[in-house]
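Encoded as structure tokens, the structure appears first; notes follow it.
Throughout, read-outs are computed from the coordinates displayed, never taken from laboratory work. Everything numeric here is computed off the predicted structure, so don't read it as measured data. Cβ placement follows ideal geometry from the backbone for every residue including glycine, while neighbour counts extend to all protein chains displayed.
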Amino acid sequence: MSLSLDDVSRIARLARIEISPAEAEQTRAQLNGILAFIEQLQAVDTDGIEPMAHAVDVVQRLRSDSVTETDRRDAFQVIAPETEAGLYLVPKVIE
Amino acid sequence: MTDFVNASLREIAAALAQKKISSVELTTLFLDRIEQLNPTLNAFITVDRDKALAAAHAADAKLGAGGAATLTGIPLAHKDIFCAEGWRTTCGSKMLADFVAPYDAHVVERLNAAGMVPLGKCNMDEFAMGSSNETSFFGPVKNPWNPACVPGGSSGGSAAAVAARLAPAATGTDTGGSIRQPAALCGLTGLKPTYGVVSRYGMIAFASSLDQGGPMAKSAEDCALLLGAMAGFDPRDSTSLERPAEDYCRDLDKPLQGLRIGLPREFFGAGMDAGVRAAVDAALAEYRKLGATTVEVSLPNSGLSVPAYYVIAPAEASSNLSRFDGVRYGHRAADYADLDDMYAKSRAEGFGAEVKRRILIGTYVLSHGYYDAYYLKAQKVRRLIAADFQEAFKSCDVIAGPTAPSVAFKFGAKSADPVQMYLSDIYTIAVNLAGLPGMSIPCGFDKDLPVGLQLVAPWFGEARMLNVAHRYQLVTDWHARMPAEPAA
């Protein structure tokens, strides 16, 4: 299938990436090129094949429910764009 | 002093142990080479002379006190995908251009503990997405063999740094060929371990079910030493494997008598340049002289590996890269209307074109109504590809073939068409999908540029694979060739 400009802006919205109208057409053409390339998977018979999510079949490990990390709030917040009183600042979301 | 520029890690280690040279002298030698040659090559994004020399002084103290490890005092370069505490860690992106890592990746932690001296952080394709290093926010890396050509990618800075002898060795990561392909294009030995052998903790995630860190160096022996220091269980990576420690040097010298090398029919068809084919064929002839036999094998689904990869890897990337939201770290746009707008603008400004394309593809193949048709389908094909290798290994011990279809190409040759670029990794991607160990070793030249021979082993077959590479390197000198230095 081929993506329309509306599809491209819907995907960009889902991905939280702003795309200008000027970029949209080129993006559409390139995404369609990639989708046409991956389309060949559809012709493969995969009846009865289990999806493979990981290279090595391992069971998720569990650890004991105990504190292992130290408090490094200052070190982690010094790299944030905007903080105040130990909190991350973002634009207001609730009026 | 210049002897050390082209010396093996064992030779350097012996010189350090015998006090023929100090780590500070050695580190200064490579820092000076970086200062002299990096402006042309652009292999490093960050070099920190003070930090490097401080680590070298500490290594010299350890060497003086006795009880130092084999690698103590030897400098190396890190791909800028590995977090190193107090070092700028950019992942080749504007998004992280000012990010100073607050902690060490497991790989960095282990190599520091081994006493190795970090020289700096190497340039790379943005978020490891690329096969030519042209997607880096910090500009392309030049191939030391021919500055008009790409070094390969995504670990192109690491490859160029070691090829130009700006560092004795480097770390890299490989999601679809990002260690092996640049190793081939720059004339190095590079190894991608079995998935789960090297911890992904602190290695900025691209496609988590495929990403593996590994060594890039001048020989199989060097890679064996480095892998021994890098590998190990780490509870902070949920897919890190709990296995006994291995000495990857243990089988290096074993004779190859009776070795069965599988040649996948699909890797020797159309698509490979004639000059690459000639070099690979000559290497196989050398192996027969060493007592190995070659058998034809088949990987019937390997042709589907690139399309399957370009569903799975972008899907995982779109999820992993959602963490870059301009809130906790990384780039934040200066002007925005509300929270959603802040996300969308920060990400639009912070990511480059290839990264955006892959996030969009990944978002699409995971979106409602398309998940089964694309993502689940690709995961089923992935199982078929992995099963092909299991079948092939019933009749051979290792698989050999070309690492890349051509030698290093010119800048811009493939950057206009993403799909053409993706096909640079046609021989390497299946190995990541199957989680197998693979490596590239230099096996000749075409058009005055290095050609790589790819070796692939069964799961956890690193020691045997390194043995196969090492015996070849004992009777050939392709791996020891170095590019001519540009006139000062």
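Data table
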item	result
Number of partner chain Cβ atoms within 10 Å, mean per residue of B:302-312	3
Cα gyration tensor shape for the stretch B:146-232, rounded if a/c is under 1.5, else prolate or oblate	oblate
For B:ILE204, B:ILE385, order by how many other beta-carbon atoms lie within 10 Å, fewest first	B:ILE385, B:ILE204
Calculated FRET value between A:GLU25 and B:ASP341, using beta carbons and R₀ = 25 Å, to 0.05	0.65
Average beta carbon contacts from partner chains per residue of B:353-363, 10 Å cutoff	5
Average silhouette area of the stretch B:2-254, convex hull of alpha-carbon atoms, in square nanometres	12.5
Cβ-based exposure ranking for A:GLU84, A:GLU69, B:GLU35, B:GLU85, in which fewest neighbours within 10 Å come first	A:GLU69, A:GLU84, B:GLU35, B:GLU85
Partner aspartates and glutamates for A:LYS92 [C-alpha distance under 16 Å; skip if fewer than 8 residues away on the same chain]	A:GLU82, A:GLU84, B:ASP325, B:ASP335, B:ASP338, B:ASP340, B:ASP341
Rounded, prolate or oblate (a/c below 1.5 giving rounded, otherwise prolate when a/b exceeds b/c) for the protein assembly as shown by Cα gyration tensor	oblate
Cα→Cβ-extended label distance, 7 Å offset, between A:ASP45 and B:ARG481, nm	4.7
Nearest-20 debye value, the stretch B:190-345 charge dipole, Cβ charges on Lys, Arg, Asp, Glu	380
Computed [θ] at 222 nm, deg cm²/dmol, the protein assembly as shown (DSSP H ≥ 4; -39,500 (n - 2.57); rounded to nearest 500)	-11000 deg cm²/dmol
Members of B:LYS192/B:LYS356; B:LYS19/B:LYS62; B:LYS19/B:LYS79 lying beyond 18 Å, as alpha-carbon distances in this model show	B:LYS192/B:LYS356; B:LYS19/B:LYS79
Fewest-first sequence of B:LEU53, B:LEU299, B:LEU252 by Cβ atoms within 10 Å of each Cβ	B:LEU53, B:LEU252, B:LEU299
Chain B, relative contact order [Cα under 8 Å, separation at least 6], %	18
Label-to-label distance, nm, for residues given as B:ARG328 and B:ARG10 (7 Å Cα→Cβ offset)	4.5
Point-charge dipole on Cβ atoms (K/R +1, D/E -1) for chain B, about Cα centre, debye to 20	500
Inter-chain Cβ neighbour average for residues B:8-20, partner chain, 10 Å	0
